[in-house]
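Reviewing the structure listed below.
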Amino acid sequence: MAIRKGKLHLPTTYPAFEPHITLASVQSDTPIPLSTIRESISATQRVFQANFKSVDVGDHYFRSVYVAVHPDETLVNLHRTVHEKLGVDPRTPKYPHMSLVYVSDEDAASGERERYYEELKERTLMQTKSQESEEGVELRTSADKEWIGGFGVAEIWVMECIGPVEAWVVLDKIRLLSD
């Protein structure tokens, strides 16, 4: 939701990207074959739900303003298993989370991350979850849209994240089993 995109910022602030939960991050100096990455996801992995817990302002470009996701058993096990099978240490701070925007550190120094968060509230694009069964938040992209408190995870994308965010490339999409 790039609600402040029209304001003056550095070009690296508010790039276009697909909202996602980073499952694993592998440094480019440790290349892992695509087939190995594919094999790290169980062929029996089923579609699952990711539910929003909170919206937080972060202190890093890739965690500028993000949705903390409830760390349910499926997400935690998937994270652990993928790292074990790839033989890499987890490098996924604040896991699981889904970034809403990326704001350069320079723009963040003048308060842009906080302004984005406040604008979510002012425009009524974020609210505490209405169901009392689970703590959480709901979001919407505009005032006339429905509230959503999470999403179904049906694919895992393998990305090459080199260079500017808008230059990232989808290498593969691993479809999960549906019911």
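The values are calculated or read from the model by the stated rules, or taken from the named source; none is laboratory data. Keep in mind the model is a prediction, meaning the values are calculated, not measured. A quick note on method: Cβ atoms are made from the backbone with ideal geometry, for glycine too, and the neighbour counts reach across all protein chains shown.
Give the residue, chosen from Leu100, Leu171, that is touching a helix residue (DSSP H, G or I) at 6+ places or on another chain (Cβ under 9 Å), surrounded by fewer than 18 Cβ atoms within 10 Å (Cβ to Cβ), not polar (S, T, N, Q) and not in a loop (DSSP other than H, G, I, E, B).
Values: Leu100 fails: surrounded by fewer than 18 Cβ atoms within 10 Å (Cβ to Cβ).
Unique residue meeting the criteria: Leu171.
For region 34-52, how many residues are assigned to a loop (DSSP other than H, G, I, E, B), closer than 30 Å to Leu120 by Cβ and among the polar types (S, T, N, Q)?
0
Taking region 54-84 only, how many residues are more than 13 Å from Ser99 (Cα to Cα) and among the basic types (Lys, Arg)?
1
Show the residue pairs meeting these rules: Cβ distance below 9 Å; 6+ apart or different chains; first residue within region 115-127 and assigned to a loop (DSSP other than H, G, I, E, B); second residue surrounded by fewer than 20 Cβ atoms within 10 Å (Cβ to Cβ) and among the acidic types (Asp, Glu).
Leu125/Glu119
For Ser40, all conditions in the list (1) crowded, with 18+ Cβ neighbours inside 10 Å; (2) polar (S, T, N, Q); (3) free of Cβ contacts under 8 Å to residues at least 12 places away in the same chain hold save one; what is the number of the exception?
Every condition holds for Ser40 apart from (3).
Using the structure shown, decide if Lys94 is among the basic types (Lys, Arg), without any contact (Cβ under 8 Å) to a residue 60 or more places away in the chain, within 30 Å of Arg38 (Cβ to Cβ) and surrounded by 12 or more Cβ atoms within 10 Å (Cβ to Cβ).
Yes: the conditions hold for Lys94.
Yes/no per residue for (1) exposed (fewer than 14 other Cβ atoms within 10 Å of the Cβ); (2) modelled with pLDDT of 95 or more; (3) within 13 Å of the chain's Cα centre (by Cα); (4) part of a loop (DSSP other than H, G, I, E, B):
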{"residue": "Ile32", "(1), (2), (3), (4)": "no, no, no, yes"}
{"residue": "Ser54", "(1), (2), (3), (4)": "no, yes, yes, no"}
{"residue": "Tyr66", "(1), (2), (3), (4)": "no, yes, yes, no"}
{"residue": "His83", "(1), (2), (3), (4)": "no, yes, no, no"}
{"residue": "Ala108", "(1), (2), (3), (4)": "no, yes, no, no"}
